[in-house]
Amino acid sequence: MKLFEDPSLDVNTAAEWVDVEYSTANRLVDQLETDGVLEELTGQSRNRFFRANEVFEIINSPLERITRGGQ
């Protein structure tokens, strides 16, 4: 899944990634936000930008933390 490659996106990006119309991608992104997978970062109702915080944190964690099991 592209979200693991780039944990930041907007609805247009999500629509491209899964090859669906904007309205469908918007519903999918809203559901991922509701489920806690994505966090909306702008606080706006339009031109929203999201991030998968858990994926982002793992990607940006020092390698030694990951290899030690998060200790």
TODO: State, in angstrom, two size descriptors of region 2-67 derived from its alpha carbons: Rg to one decimal place and Dmax to the nearest whole number.
DONE: 12.8, 41
- [ ] Please work out how much length the chain gains when fully extended from residue 35 to residue 2, using 0.36 nm per residue of separation minus the C-alpha to C-alpha distance, in nm with one decimal.
- [x] 10.1 nm
Open item on the list: For 45, 23, 8, which order do you get if you count the other beta carbons within 10 Å of each Cβ and list the fewest first?
Closed with: 45, 23, 8
TODO: Could you tally the net charge around residue 35, taking each other residue with its Cβ under 15 Å from the Cβ of residue 35, Lys/Arg +1 and Asp/Glu -1?
DONE: -3
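Can you sort 6, 35 so the residue with the fewest Cβ neighbours within 10 Å comes first?
In order of increasing Cβ crowding within 10 Å: 35, 6.
Every read-out reported here was derived from the displayed coordinates using simple, explicitly stated rules and does not represent laboratory data. Being a predicted model, the structure only gives us computed values, none of them experimental. Neighbour counts are summed over all protein chains in view; Cβ atoms, including those assigned to glycine, are modelled from backbone coordinates with ideal geometry.
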